[in-house]
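Notes to accompany the following structure.
The values are calculated or read from the model by the stated rules, or taken from the named source; none is laboratory data. Please read all numbers here as calculations on a predicted model, not as lab measurements. Heads up, the Cβs are rebuilt from the backbone with ideal geometry, glycines too, and the neighbour counts pull from every protein chain shown.
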Amino acid sequence: MPVAIARPQLRQVVALLVAACALAAGGGIYWFHRTHSAALPSNLVLLLPTSNASVVYIDVDAMRRSGILNLVAGSKAVEDADYRQFVKETKFDYRQDLDAIAAAFKDGKVYLALRGRFHWKDLKDYAGRQGGSCHGDFCVVAGSQPNRRISFYPLQHDVMAMAISPDDFAAYQITSASKKLALAPPQEPVWAIIPAGALQKMDDLPAAAKAYMPALQGAEQIVFSIGVDPAQQLQLGVHVTCRDATAASALLTQFEATTNALRQVLSKVNRKPDPDDLSGVLVAGTFHRSERQVYGAWPIPRAFVQAITGGAY
């Protein structure tokens, strides 16, 4: 069952981070209203094993209300036959039934807490038909590779704990036990906390983005988020915590130098920043420092969102 849930993947996490900016499209911003404590991002994230992990939170409901989920996911008409069959048998369609995702990526394993509307009996029956097994409410099914086992169980009636790992019981690491988040969650509906060490493994980043990675290696904590600036321009932000003010000052200098170098590269080839291209986004970055905190902001043009999603908004 979770094999099919994972299949759409809502495209790549990076694409989601950028596409979620379009929540502000059309002059009408759908803000994530925290009207119920159970819906707080921190409550969902705290279910995960977050120590030394990259953590991502996505308010899927906000994306759905804004119309951006359909833009990112594509047309229902082009969904593959396996996923359509999965929806028919389980009565679960992430387009309408998934409200939020909290994910932790650690040592090649993925831990997920999914909030939504689940038909648990149908999901268990589907897992059995796919060659999996269920003991009580806990189910395990084979993934796409021999060393990828997908385990899941209902942590709450509207929260699924799921893990993708060689361990059949990995989902049990997602619990409601009392934990503490290392920082207050960003207000934006989509954000990610990335340990500096994890950046060394991001080999598939575009070359322009990789230029910033060496500057971040000594950071204590890196938080990316999506939001809007005072002029309601879509914006990608980064908040870096350094070990001290001296390190923060050095990081600020490196950020500015890297951005200036990208501008010079474009200038040498007589190329203007292209709003459809990542380089056009990066050269517009601005930075500032406060004590040991460094902040960066990159306005994201509508053309760039359209380019990565293949549509218009």
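List pairs: first residue in segment 82-99 and within 19 Å of His157 (Cα to Cα), second residue aliphatic (A, V, I, L, M) and modelled with pLDDT of 85 or more anywhere in the structure, Cβ distance under 6 angstrom, at least six positions apart or on different chains.
Pairs that qualify, where the first residue is within 19 Å of His157 (Cα to Cα) and the partner is aliphatic (A, V, I, L, M) and modelled with pLDDT of 85 or more, are Thr90/Leu123; Leu98/Val60; Asp99/Val60.
How many residues does segment 111-120 contain that are surrounded by fewer than 20 Cβ atoms within 10 Å (Cβ to Cβ) and in a strand (DSSP E or B)?
Total satisfying the criteria: 1.
What pairs can you find where one residue is in segment 48-72 and more than 25 Å from Ala171 (Cβ to Cβ), the other is in a loop (DSSP other than H, G, I, E, B) and modelled with pLDDT under 80, and their Cβ atoms are less than 6 Å apart, with a gap of 6+ or different chains?
Ala62/Tyr30; Ala62/Phe32; Ala62/Pro189; Arg65/Tyr30; Ser66/Tyr30; Leu71/Gly311; Leu71/Tyr313; Val72/Arg11
With the requirement that a residue be modelled with pLDDT of 70 or more and assigned to a loop (DSSP other than H, G, I, E, B), what does segment 185-205 give you? Walk me through how you get there before you give the answer.
We begin by selecting, within segment 185-205, every residue modelled with pLDDT of 70 or more; these are 185-198.
Listed by number, the residues that qualify are Pro185, Pro186, Gln187, Glu188, Pro189, Pro195.
Would you check which residues across segment 284-301 are in contact with a helix residue (DSSP H, G or I) (Cβ under 7 Å, 6 or more places away or on another chain) and not in a loop (DSSP other than H, G, I, E, B) and list them?
Phe287, Arg289, Gln293, Val294, Gly296, Trp298
For segment 133-152, does any single residue satisfy the condition of being under 23 Å from Pro189 (Cα atoms) and within 20 Å of the chain's Cα centre (by Cα)?
no
Cβ-Cβ under 9 Å, sequence separation 6+ or interchain: first residue in segment 247-272 and of a type in the set (Gly, Ala, Ser), partner surrounded by 15 or more Cβ atoms within 10 Å (Cβ to Cβ) and part of a helix (DSSP H, G or I). Which pairs?
Ala250/Ala215; Ala257/Ala215
I want to confirm something. Restricting to segment 237-255 and keeping residues that are touching a strand residue (DSSP E or B) at 6+ places or on another chain (Cβ under 6 Å) and not aliphatic (A, V, I, L, M), which single residue is farthest from Trp298 (Cα to Cα)?
So the residue we want is Thr241.
Do you know which residues across segment 80-104 are surrounded by 20 or more Cβ atoms within 10 Å (Cβ to Cβ) and within 16 Å of Ile150 (Cβ to Cβ)?
Listed by number, the residues that qualify are Phe86, Thr90, Phe92, Tyr94, Ile101, Ala103, Ala104.
Within segment 244-283, which residues are at pLDDT 90 or above and part of a loop (DSSP other than H, G, I, E, B)?
Scanning segment 244-283 gives a single hit, Asp244.
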